[in-house]
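To keep things clear, I will list the structure first and then write my remarks on it.
The values are calculated or read from the model by the stated rules, or taken from the named source; none is laboratory data. Computed from a predicted structure; not experimentally measured. With ideal geometry, Cβ positions are generated from the backbone for all residues, glycine too; neighbour counts draw on all protein chains shown. To get the accessible areas, we keep the full protein, side chains included, count just its heavy atoms, and leave off ligands, DNA and RNA. Shrake-Rupley method; radii C 1.70, N 1.55, O 1.52, S 1.80 Å.
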Amino acid sequence: MNKEIPYKIYLEESEMPKSWYNLRADMKNKPAPLLNPKTFEPMTYEDLRPVFCDELIRQELDDQTAYIPIPDEIRNFYKMYRPAPLVRAYCLEEKLQTPAKIYYKFEGNNTSGSHKLNSAIAQAYYAKKQGLKGVTTETGAGQWGTALSMACAYLGLDCNVFMVKVSYEQKPFRREVMRTYGASVTPSPSETTKVGREILKKHPGTGGSLGCAISEAVESASEREGYRYVLGSVLNQVMLHQSIIGLETKAALDKYGVVPDIIIGCAGGGSNLGGLIAPFMGEKLRGERDYRFIAVEPASCPSLTRGKFAYDYCDTGMVCPLSKMYTLGSGFIPSSSHSGGLRYHGMNSVLSQLYDDGLMEAVSVEQTSVFEAAQMFAKVEGILPAPESSHAIRVAINEALKCKETGEEKTIVFGLTGTGYFDMVAYQKYNDGLMSDYIPTDEDLAVGFAGLPIVPEK
Ligand SMILES: *Cc1c(COP(=O)(O)O)cnc(C)c1O
């Protein structure tokens, strides 16, 4: 059935998925529940209501419903920038002289420049439907904040973004995109919250971290009438919304009778990877088909490959629920020489469970090798990739080069999560030969592990 495969496989609008797929429904070993950080009891719907939107809590806690319909309003918004193309990387294959067949799903075709808009519009929609005034969130590099400000502008919601201070200062363009969409952007840690003031007192002059910005955003939402907190990664609801990536990928491959051997994605909090692999992993869990799945993370922030599978805080201020995940400890802050994104200390609990059950592999890669791959890809495929996405490119190239040695014609699919236009400071470092690789020592990691909470066995 292998018809001549075009460079780009587009789906028709009518072929776009009508439901998200909830991988948890097919897992025998379900991910562990979120726990209340004070009582260590599983978080209930009522516990979560002061912080999160009602419908999103239902999605977060639902590990039984396999297909959750995408509301028409969200599908219509998706249609402005989706279906996203699945690209056959003929030029990269040629460059590598590999018998492997390489495909990538490109999620950078929207102003936010990444896949994050897929969940931003869903979360903003449910907040609006609940009659809320606005939402608060954190952003690191800025993609999530940008995506959320776009979604909020579209729906007429107020959007308050706590942006990690170093990024706020180093990435003024991303900040201004958010403000242009009407969001208010506060550098974190800030004097506007209790937790921010505490962190500033303890660490004067700190450039902030994602975990710290999360604490501020949560506090700011829970103390204001008509506001809730939303998060762009890590949570199960985000992975659910991102299943659109995998469902479209599978539909496009099915059109041409292509079955992948290896599926690769970069992993920060795990949402794009989880979304990309979801329908394929579902087949594997149901015993219908086998695939290799590879999560790629930076060597400087190696939560899957060197972390512990344990309950941990999702934020530095320890106000969020505890999640059982692969983690480096909520106090872990990656080295300042790390510029390639993916700097969150933990990993989505579904992916953590799948990894622990041996259903998925993980590798870590060093940032200079990531930028080398990014440059090679940009030269032949024409897209300047985001540093985060380039982790997946690195490993896709490595796997394709292995095929060259063995002569195997494997089919490799990877997620190209976004473009790198706003990451030019990192590219500049690379071009100037000033980028270094940093791998934390076991002693460095021990500091983060020492801060893991002790959760009583039930
Ligand atoms: C946020 C982001 C990631 C990492 O987040 P996940 O939740 O792990 O997907 C990867 N690539 C890009 C371009 C991003 O903006």
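Of the residues that make up the range 424-435, is at least one more than 15 Å from the ligand (Cβ to nearest atom) and either within 30 Å of ASN236 (Cα to Cα) or assigned by TED's automatic domain parsing to the domain that holds THR39 (or both)? No, every residue in the range 424-435 fails to be more than 15 Å from the ligand (Cβ to nearest atom) and either within 30 Å of ASN236 (Cα to Cα) or assigned by TED's automatic domain parsing to the domain that holds THR39 (or both).
Of all residue pairs spaced 6 or more apart or on separate chains, those with beta-carbon atoms under 6 Å, a first member in the range 116-134 that is without any contact (Cβ under 8 Å) to a residue 60 or more places away in the chain and a second member that is within 14 Å of the ligand (Cβ to nearest atom) and of a type in the set (S, T, N, Q) are LEU117/ASN110.
Residue check: is GLU60 assigned by TED's automatic domain parsing to the domain that holds CYS159, open to solvent by 10 Å² or more (accessible area, probe 1.4 Å) and within 16 Å of the ligand (Cβ to nearest atom)? Yes: the conditions hold for GLU60.
Selection of the range 346-362 for residues being part of a loop (DSSP other than H, G, I, E, B) and either open to solvent by 10 Å² or more (accessible area, probe 1.4 Å) or more than 21 Å from ASP442 (Cα to Cα) (or both) yields ASN348, ASP357, GLY358, LEU359, MET360. If the condition is being away from the ligand (no atom under 13 Å from the Cβ) and closer than 23 Å to LEU342 by Cα, then the range 112-137 contributes ILE121, ALA122, GLN123, THR136.
Could you tell me how many of the residues in the range 363-394 are outside any helix (DSSP H, G or I) and within 15 Å of TYR430 (Cα to Cα)?
Going through the range 363-394 one residue at a time, the tally reaches 4.
Candidates in the range 284-335 are the residues that are among the basic types (Lys, Arg) and either outside the structural domain of HIS391 (by TED's automatic domain parsing) or assigned to a strand (DSSP E or B) (or both); of these, the one that is surrounded by the most Cβ atoms within 10 Å (Cβ to Cβ) is LYS324.
Pull up the range 235-281, narrow it to residues that are outside any helix (DSSP H, G or I) and within 12 Å of the ligand (Cβ to nearest atom), then point me to the one that is farthest from GLY211 (Cα to Cα). Per the criteria, the residue is GLY265.
ARG228 meets each of the listed conditions (1) touching a helix residue (DSSP H, G or I) at 6+ places or on another chain (Cβ under 9 Å); (2) open to solvent by 20 Å² or more (accessible area, probe 1.4 Å); (3) modelled with pLDDT of 95 or more; (4) farther than 28 Å from LYS133 by Cβ apart from (4). Is it the case that some residue within the range 421-442 is over 30 Å from ARG175 (Cβ atoms) and open to solvent by less than 80 Å² (accessible area, probe 1.4 Å)? Taking every residue of the range 421-442 in turn, at least one turns out to be over 30 Å from ARG175 (Cβ atoms) and open to solvent by less than 80 Å² (accessible area, probe 1.4 Å). Would you check if LYS101 is within 16 Å of the ligand (Cβ to nearest atom), over 25 Å from ARG175 (Cβ atoms) and out of contact with any Pro (no Cβ under 7 Å at 6 or more places or on another chain)? Criteria not met by LYS101. Restricting attention to the range 259-283, the residues that are over 17 Å from the mean Cα position of the chain (by Cα), open to solvent by less than 10 Å² (accessible area, probe 1.4 Å) and more than 15 Å from LEU23 (Cα to Cα) total 2.
Please return the ranges of helices (runs of 4 or more DSSP H) entirely within the range 150-205 where 1 or more residues are under 27 Å from TYR125 (Cβ atoms) and at pLDDT 95 or above.
Here the list reads 172-180.
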